[in-house]
Amino acid sequence: MKYLVTWAWEMDGHAGASAIVCETISAVRKYMEECLKDDEGKPMGKFTSSRMTDYGYEYFGEWECGQIALSIRKFKNYSDMKNKEVFARTG
């Protein structure tokens, strides 16, 4: 099973977003851990809450620069995602 992971963040008054496809749930967990580290590998934030949705899971948290949100959704192939918006929002 593959997982589409999207995340959005607030950084010093600006916003950003990214997405990645992970092959396993352990790769998702590792990606989540890495998202919360600075360039030197030191922790700079944490996820403070989560919830299950109809499509997967959402995590919300904070880091030194603002708020973060991450969404995890299962999919088997591209057609599973075609015409389906995946959204993560901070704040």
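Descriptive notes on the structure:
- Residue under evaluation THR90, criteria (1) among the hydroxyl-bearing types (Ser, Thr, Tyr); (2) within 14 Å of the chain's Cα centre (by Cα); (3) at pLDDT 90 or above, criterion not met: (3)
- Against the test of being among the charged types (D, E, K, R) and touching a strand residue (DSSP E or B) at 6+ places or on another chain (Cβ under 7 Å), the options GLU34, GLU62 yield a single qualifying residue, GLU62.
- Contacts under 6 angstrom Cβ, first residue in segment 72-89 being more than 16 Å from VAL28 (Cβ to Cβ), partner assigned to a strand (DSSP E or B) and modelled with pLDDT under 65, 6 or more apart: none
- Qualifying residue in segment 38-45 (condition: of a type in the set (D, E, K, R), over 24 Å from PHE75 (Cα atoms) and in contact (Cβ under 8 Å) with a residue 40 or more places away in the chain): no
Condition check ((1) in contact with a Cys (Cβ under 9 Å, 6 or more places away or on another chain); (2) open to solvent by less than 40 Å² (accessible area, probe 1.4 Å); (3) at pLDDT 90 or above) across all residues:
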| position | (1), (2), (3) |
| --- | --- |
| ALA15 | no, no, no |
| ILE25 | no, no, yes |
| GLU33 | no, no, yes |
| ARG51 | no, no, yes |
| TYR55 | no, no, no |
| GLU58 | no, yes, yes |
| GLY61 | no, yes, yes |
| GLY66 | no, yes, no |
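The values are calculated or read from the model by the stated rules, or taken from the named source; none is laboratory data. The shown structure was predicted, so the numbers you read here are calculated from the model rather than taken from an experiment. For neighbour counting, all protein chains shown are included, and Cβ atoms are generated from backbone atoms with ideal geometry for every residue, glycine included. Side chains included, ligands, DNA and RNA excluded: accessible areas come from the protein's heavy atoms. Shrake-Rupley method; radii C 1.70, N 1.55, O 1.52, S 1.80 Å.
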